[in-house]
Amino acid sequence: MSDVSVLPGSLAVRNLFEDLLGREVIVSPGDPLSAEDIAMATVAIFTDANQKIYACLGLEMSLAANAGAALGLLPPGAAEDSIDEKELFPNLAENVFELCNIFTSLLNKEGSPHVKLYQVIYPKMDLPADARAVLLALGRRLDLMTEVSRYGKGKLSLSLAP
């Protein structure tokens, strides 16, 4: 087994979101999540078989709420309420957890280490320092502005551990 890790392409991310949410999703190059964004972001931590951090996925609050509402077939107002309250409501958080779990399929490639979802950190929860460092690191990363049709948009940042 190789230790070569490859970032998924923006097309793969868009296709996963569209297939999962059952609606059009537009992705375009975007800015990375900033240190300030991370405090209110949902962060998925992915690990390899040795429990070593493999990658971190950060979803800006607006994207997490909109994707969670779309996945749960809830009206856009449910996402808007969550964003206004600056809290990812439990039903949306559950849907985002599932989205993150399925996102693992984009990280598991033949010849690469087996990756699994280790933990999802929600807004206002403490993010472990090592996960924060991976998410903010320069290098092997993908930063997208992701828009869910009829819901809204937000930043998505995926960073592979060095």
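Residues of segment 14-22 include at least one that is of a type in the set (Asp, Glu) and without any contact (Cβ under 8 Å) to a residue 40 or more places away in the chain.
Scanning segment 146-162 for residues that are surrounded by fewer than 16 Cβ atoms within 10 Å (Cβ to Cβ) and not hydroxyl-bearing (Ser, Thr, Tyr), which turns out nearest to Ala65 (Cα to Cα)? Walk me through it before giving the result.
We begin by selecting, within segment 146-162, every residue surrounded by fewer than 16 Cβ atoms within 10 Å (Cβ to Cβ); these are 149-150, 162.
So of that shortlist, the ones also not hydroxyl-bearing (Ser, Thr, Tyr) come out as 150, 162.
Values: Arg150: 13, Pro162: 29 Å.
Across segment 146-162, the extreme among qualifying residues is Arg150.
Of the residues Leu92, Leu158, Leu63, which single one is without any contact (Cβ under 8 Å) to a residue 40 or more places away in the chain, among the hydrophobic types (A, V, I, L, M, F, W, C) and not in a loop (DSSP other than H, G, I, E, B)? Explain how you work it out, then say what you get.
Details: Leu158 fails: without any contact (Cβ under 8 Å) to a residue 40 or more places away in the chain; Leu63 fails: without any contact (Cβ under 8 Å) to a residue 40 or more places away in the chain.
Leu92 is the lone residue from the list that is without any contact (Cβ under 8 Å) to a residue 40 or more places away in the chain, among the hydrophobic types (A, V, I, L, M, F, W, C) and not in a loop (DSSP other than H, G, I, E, B).
Only a single item in (1) touching a residue at least 24 places away in the same chain (Cβ under 8 Å); (2) under 24 Å from Asp19 (Cα atoms); (3) surrounded by fewer than 18 Cβ atoms within 10 Å (Cβ to Cβ) is not met by Pro128, and it is number (2). Scan segment 132-145 residue by residue and report those that are touching a residue at least 60 places away in the same chain (Cβ under 8 Å) and either closer than 19 Å to Glu36 by Cβ or surrounded by fewer than 16 Cβ atoms within 10 Å (Cβ to Cβ) (or both). Those that are touching a residue at least 60 places away in the same chain (Cβ under 8 Å) and either closer than 19 Å to Glu36 by Cβ or surrounded by fewer than 16 Cβ atoms within 10 Å (Cβ to Cβ) (or both): Arg132, Val134, Leu135, Leu136, Arg140, Arg141, Asp143, Leu144, Met145.
Quick one: in segment 99-125, which of the residues that are charged (D, E, K, R) and either under 21 Å from Ala35 (Cα atoms) or surrounded by 14 or more Cβ atoms within 10 Å (Cβ to Cβ) (or both) is modelled with the highest pLDDT?
Pass one, segment 99-125, residues charged (D, E, K, R): 109-110, 116, 124.
Applying the additional criterion that residues be either under 21 Å from Ala35 (Cα atoms) or surrounded by 14 or more Cβ atoms within 10 Å (Cβ to Cβ) (or both) yields 109, 116, 124.
Values: Lys109: 87, Lys116: 97, Lys124: 89.
Of everything passing the filter in segment 99-125, Lys116 is modelled with the highest pLDDT.
Take Ser149 and decide whether it is closer than 18 Å to Asp19 by Cα and either among the polar types (S, T, N, Q) or modelled with pLDDT of 95 or more (or both). Answer is yes for this residue.
The combined condition, being assigned to a loop (DSSP other than H, G, I, E, B), surrounded by 15 or more Cβ atoms within 10 Å (Cβ to Cβ) and over 14 Å from the mean Cα position of the chain (by Cα), is fulfilled by Leu74. Does Leu33 qualify as being surrounded by 22 or more Cβ atoms within 10 Å (Cβ to Cβ) and within 15 Å of the chain's Cα centre (by Cα)? Yes; evaluated as a whole, the condition is true for this residue. Residues considered: Leu7, Leu57, Leu16. Of these, the only one that is in a helix (DSSP H, G or I), of a type outside the set (Ser, Thr, Tyr) and closer than 29 Å to Gly111 by Cα is Leu16.
Kindly evaluate Asn50 against the criterion of being surrounded by fewer than 17 Cβ atoms within 10 Å (Cβ to Cβ), closer than 19 Å to Lys116 by Cβ, free of Cβ contacts under 8 Å to residues at least 40 places away in the same chain and out of contact with any strand residue (DSSP E or B) (no Cβ under 9 Å at 6 or more places or on another chain). Break it down into steps so the answer makes sense when it comes.
Working: surrounded by fewer than 17 Cβ atoms within 10 Å (Cβ to Cβ): yes; closer than 19 Å to Lys116 by Cβ: yes; free of Cβ contacts under 8 Å to residues at least 40 places away in the same chain: yes; out of contact with any strand residue (DSSP E or B) (no Cβ under 9 Å at 6 or more places or on another chain): yes.
Yes.
Let's see how each residue does on (1) at pLDDT 95 or above; (2) of a type in the set (Ser, Thr, Tyr):
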| residue | (1), (2) |
| --- | --- |
| Gly22 | yes, no |
| Ser28 | yes, yes |
| Ala35 | no, no |
| Thr42 | yes, yes |
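The values are calculated or read from the model by the stated rules, or taken from the named source; none is laboratory data. Fair warning: this is a prediction, and the values are worked out from it, not measured in the lab. A quick note on method: Cβ atoms are made from the backbone with ideal geometry, for glycine too, and the neighbour counts reach across all protein chains shown.
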